[in-house]
Each structure stands twice: as structure tokens, then as C-alpha cells.
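The values are calculated or read from the model by the stated rules, or taken from the named source; none is laboratory data. These numbers were taken from a predicted model, which means no experiment stands behind them. Don't worry about glycine lacking a Cβ; one is built from the backbone with ideal geometry, like all the others, and counts go over all protein chains shown.
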There are 2 protein chains.
Amino acid sequence: MKLKVVNLLVNYKTLEEFKLFKEYGIQELSMLEDLQDNIIEDDSESPFYGIYFGDKLVARMSLYKVSAKYDRYFDPPQDYYVLWKLEVLPAYQKKGYGRALVEFAKGLGTPLKTNPRILSHEFWNKMGFQNVSYDMERDLGENPMVWFPEGVKEQHADHS
Amino acid sequence: MKLKVVNLLVNYKTLEEFKLFKEYGIQELSMLEDLQDNIIEDDSESPFYGIYFGDKLVARMSLYKVSAKYDRYFDPPQDYYVLWKLEVLPAYQKKGYGRALVEFAKGLGTPLKTNPRILSHEFWNKMGFQNVSYDMERDLGENPMVWFPEGVKEQHADHS
């Protein structure tokens with residue numbers, strides 16, 4: 001079965017479903033406030049993508065495109081996506097939902113960067129991600145991992 | 001007893017002691033490689049600060065100063081420290097080591113920013129840190145918390 005990844009719309013149903021995910025935090029609270037204060041409209045596009053099982057959201061991730069002028073990871077410098085909050089609800093793990101989300105992100109045509117939580121490196125390695133050379137000024141408390149499409153390599157740190 | 005916070009020097013003893021901390025990662029591996037490759041000298045200063053119990057390192061944190069021109073958190077914009085990898089070894093927790101490290105950082109005369117792991121918000125609240133208004137373009141996957149010295153307030157997001 002091909003799993004279908006959809007862009008999640010900001011509405012009360014989505015925001016309620018988000019509460020089931022462990023990494024619920026101020027990003028979600030901020031979306032809720034923006035909706036309540038009419039700063040964004042009901043059913044606005046969100047930075048979240050997810051997979052439904054029936055009408056239940058069972059997996060999600062957040063994606064944000066960083067423009068080439070801020071790219072300190074890839075050579076040649078280019079637009080890339082930062083992927084975070086990749087999470088599959090416990091009862092639905094090990095069924096390919098996480099992989100389907102990552103494959104979707106890989107299909108966007110840009111390199112990817114993520115900052116894996118401790119102990120999830122194995123998953124990211126299986127997905128073809130690799131560690132970058134750590135650069136304290138750039139990475140600070142992150143241990144970033146990146147995915148390179150064909151023809152893209154790591155950007156060489158330049159502190160000049 | 002006043003706990004003494006010291007800047008940790010990069011040497012094989014320190015790097016070996018770091019392995020006892022859960023958040024050991026590519027930052028530490030990179031320091032080890034730089035030492036092995038003679039890119040840095042033995043006993044160079046590191047971005048880590050710690051507390052010894054006898055000659056055993058039992059608590060540590062990493063600090064990095066971000067210059068005012070990159071400040072998107074504080075008003076007026078100013079140099080600030082990012083604090084990460086604050087960790088106390090299990091047998092030494094609840095004895096004030098974490099607080100002593102944070103108080104040391106507060107004494108550096110700048111605001112502080114940290115990106116707490118899930119479930120440690122209560123600790124950071126007790127230390128006087130607060131959540132910022134989430135700004136996706138700036139914070140992405142972080143849920144940053146900040147500490148304001150007297151006279152400093154939150155920077156108002158400006159996407160113009």
C-alpha cells in the first residue's frame with residue numbers, strides 16, 4: 001500500500017490531533033493562538049505534513065525551506081528544507097510511515113537537514129542521512145544530519 | 001559549600017570524562033579529532049564549563065557567545081550566550097550543581113538563550129528562564145527559552 005502524505009491544514013481538528021504527539025510544543029501552541037486570534041484563517045496551510053490512517057493522523061513532520069543565501073551546509077549553496085518533528089504514533093511505528101514521510105521530503109528536489117534526537121541516528125542513517133563536520137559557530141547545540149541529492153556535497157566551513 | 005565552576009581544558013582526560021554524559025555527540029568527537037590532528041593544542045580552552053567533585057567531573061554545560069549583529073532574541077540587540085549540554089551525572093543530581101552552572105552563566109553579564117529538551121521546562125522556569133514567542137523562521141524545530149537581565153526585553157519579530 002502506498003502511503004499518502006498530505007499537507008496538514010491548520011484547523012481545530014488538526015491542532016487537537018497534534019496533542020497526541022510527544023513533541024507538541026510552542027510551535028503548535030503558536031499556531032493555535034494565531035487561529036484563535038484570526039491571524040491565520042481556518043484551513044490555512046501549515047508547515048506540517050502527515051499521513052492519515054482512516055481519518056486519524058498517525059504520523060507527521062514539519063518542513064521549512066531555507067533560502068540559498070542562508071545555506072551554510074551544501075555545496076553549491078542552494079535552497080534546502082529543514083525537517084523536524086518527524087514522529088509516528090506508537091501503535092503505528094515500524095510500518096513504514098516514517099520512511100514514507102522522509103521519502104516525500106527527499107522528493108522535493110532539494111537537500112535536507114535535520115537535527116536528530118539522541119538515539120535516532122540509526123534511523124536517519126538508514127534513510128541515507130549523514131553527519132556533517134561539526135562547526136560550533138554554525139551548529140552550536142545541534143548534531144545536524146543532512147541528505148545530499150545527486151551532485152550536492154558538503155559545504156566547506158569558511159570562517160574568513 | 002560554594003560550588004566552583006571552571007572552564008574545561010581540552011585534553012584526553014576531559015574528553016574521556018565527557019563520555020560519561022548522555023549528550024556526548026559530534027561536538028565532543030570533533031574536539032577529540034582536533035586534538036589528535038594537532039589542530040588545537042593540548043589544554044586549549046573549550047566552550048565547556050564544569051564542576052569537579054574531587055577530581056571527577058560531575059556537571060557541565062557548553063556556552064557560546066553570539067554577537068549583537070546576529071541577535072534576533074533580545075531588545076536592545078546585544079551579545080548573548082547560548083547555553084547547551086547542561087547536564088549533571090545521575091548520582092550528583094538534586095544537589096545544586098545544575099543551578100550553580102546556570103548562576104555562573106547569568107553572571108557573565110549578557111542575556112542567555114537555551115533550547116531545553118522536552119520535560120526540562122520546569123527546571124528552566126525555576127532558573128528564571130521563559131519561553132519566547134515562537135517565530136518559525138527564526139526558531140524552526142527549537143522551543144527556545146531565554147533569560148533577561150535587568151533592562152532587557154524580548155525582541156519584537158520583524159519580517160519586513
### Query
Yes or no: residue A:69 more than 30 Å from residue B:60 (Cβ to Cβ) and part of a loop (DSSP other than H, G, I, E, B)?
no
Within the range B:105-122, of all residues that are touching a Leu at 6+ places or on another chain (Cβ under 9 Å) and away from chain A (no Cβ under 11 Å), the one modelled with the lowest pLDDT is B:120
Residues in the range A:109-120 that are assigned to a strand (DSSP E or B) and not charged (D, E, K, R) total 2
- Message: Taking the criterion of being within 14 Å of chain B (Cβ to nearest Cβ) and surrounded by fewer than 18 Cβ atoms within 10 Å (Cβ to Cβ), would at least one residue in the range A:137-148 satisfy it?
- Response: yes
Residues of the range B:123-136 being part of a loop (DSSP other than H, G, I, E, B), over 20 Å from residue B:64 (Cβ atoms) and more than 9 Å from chain A (Cβ to nearest Cβ), in sequence order, are B:128
Residue hits (the range B:32-43; within 14 Å of another protein chain (Cβ to nearest Cβ) and either more than 19 Å from residue A:121 (Cβ to Cβ) or outside any helix (DSSP H, G or I) (or both)) are B:34, B:35, B:37, B:39, B:40
Residue hits (the range B:81-101; of a type in the set (A, V, I, L, M, F, W, C) and out of contact with any strand residue (DSSP E or B) (no Cβ under 7 Å at 6 or more places or on another chain)) are B:91
Residues of the range B:85-101 being in contact (Cβ under 8 Å) with a residue 40 or more places away in the chain and in contact with a helix residue (DSSP H, G or I) (Cβ under 9 Å, 6 or more places away or on another chain), in sequence order, are B:85, B:87, B:89
Those residues of the range A:80-104 which are acidic (Asp, Glu) and within 14 Å of chain B (Cβ to nearest Cβ) amount to A:87
In the range B:69-109, anything more than 24 Å from residue B:17 (Cβ to Cβ) and buried (at least 21 other Cβ atoms within 10 Å of the Cβ) is listed as B:73, B:74, B:80
Checked pairs for the range B:106-129, first without any contact (Cβ under 8 Å) to a residue 24 or more places away in the chain and more than 15 Å from residue B:49 (Cβ to Cβ), second of a type outside the set (Ser, Thr, Tyr) and outside any loop (DSSP other than H, G, I, E, B), C-beta under 6 Å and 6 or more apart or across chains, list as B:124/B:145; B:128/B:147; B:129/B:145; B:129/B:147
Going through the range B:78-108 in order, the residues found to be among the acidic types (Asp, Glu) and part of a helix (DSSP H, G or I) are B:103
Checked against (1) in contact with a strand residue (DSSP E or B) (Cβ under 7 Å, 6 or more places away or on another chain); (2) more than 13 Å from chain B (Cβ to nearest Cβ); (3) modelled with pLDDT of 95 or more, residue A:66 satisfies every condition except (2)
Residue hits (the range B:11-31; in contact (Cβ under 8 Å) with a residue 12 or more places away in the chain, within 12 Å of chain A (Cβ to nearest Cβ) and surrounded by 13 or more Cβ atoms within 10 Å (Cβ to Cβ)) are B:21, B:23, B:27, B:28, B:31
